[in-house]
Amino acid sequence: MIHTSAQQEKKFDVGGQAVMEGVMMRSPNATAVTVRRPDGTMVTKLSPFVPLKEKYPWMGKPFIRGVVNMCTMLYYGMNTLSDSTKMLGILDEEPTKFEIWLSKKLGKGVDKIVMGVAIVLAVALSLGIFMALPAGLESILKNAGMGPVGYTLLGGLLKVVLLLGYMFLVGFIPDIRRTFQYHGAEHKSVHCQESGLPLTPENAQTFSRLHPRCGTAFLLIVFVISILLFLVLNILLPINNFFLRFLFHLAMLPIVAGVSYEVLMGLAHSKSRAACILRAPGMQMQRLTTREPDASMLECAIVSVNVVLNGFPEGTPKTPEGWGIFRTYDESEPGHVFPAPEAPADANPETQEPRA
């Protein structure tokens, strides 16, 4: 097996996301989604990616880029989950009577409509659990006579408890647990790529499944920043009404996200002792959203890293949709050449035309 140093020449950050039975990886100019199908093969979709800051430079400014990144990750994250489902082939199954009826009523855009409804419901549920409930608790405690420091800290503590409880409970769902294993595979392969070692399942397995740039750490930072920000604002601008308090929390979310992103990037790229201490809680919280992956999961993550950094190797077999097909991770390595497809048995080898 021949390993090149192509990965070592890439100094930019490579990030990713666990998907259903696979891993998505993103470089500054491309994304690669790899899933493992029931037959054992890995299928990879490579797509160009143009950051919004390249089209609109102001979106790359500090504090603004955090809000832009949060919105784009939500958008691309949902699209990636949809892509992974299609790539697995599970949507090719015979539709149910309800799905047929829904398709007739909503037309060809039924998939997008259903996805849109799912996103709206997910956002509404998140706002209700992580913003409305804490805001309601703060209003109750404030009306009971508690000071701003007390009700703000207790409201923030409720947010953290709800987040930790949610992450802990969903980990018991078998499909989510497998996704958490792919999340661990994503982190291990990124660590391996950043170390400069050859990307192999054996090398990747030696690294931690915790990573300082993980979105789980970002969530905890968001909650901590929001507690500190609302502590100051509640002292300066106390609000009694629950609905006004909820709307105020919602309006401050972009500011919280912008500040939190800068804090996350600063801590992730710093080697100081203070940075290590400050990012430790977020790193440890990843134990709830990652699990130790097996070798087949690491292979999927490695294929995504190889393809997103170097593109498809020469002669990569493709599906009708244009997705690359790999049997082993090393087939995705730069420099690998697939054998030319064999000529049909009934064809003349010189003319490639059927014999008379």
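In order along segment 173-180, the phi-based Karplus estimate (6.51 cos²θ - 1.76 cosθ + 1.60, θ = phi - 60°) of 3J(HN,Hα) comes to 6, x, 5, 5, 4, 5, 5, 5 Hz; Gly and Pro are listed as x.
In this structure, residue 29 and residue 314 have a Cβ-Cβ separation that, at R0 = 25 Å, corresponds to a calculated FRET efficiency of about 0.80. Residues of segment 178-212 with amide nitrogen under 18 Å from the 7 Å Cα-to-Cβ point of residue 85? Hits in segment 178-212 for residue 85 at 18 Å: 178-180.
Taken together, the values in this text are just the output of simple stated rules run on the coordinates, not laboratory data. Here the structure is a predicted model, which means the values were calculated and not measured. Using ideal geometry, Cβ is built from the backbone for each residue, glycine included, and neighbour counts are taken over all protein chains shown.
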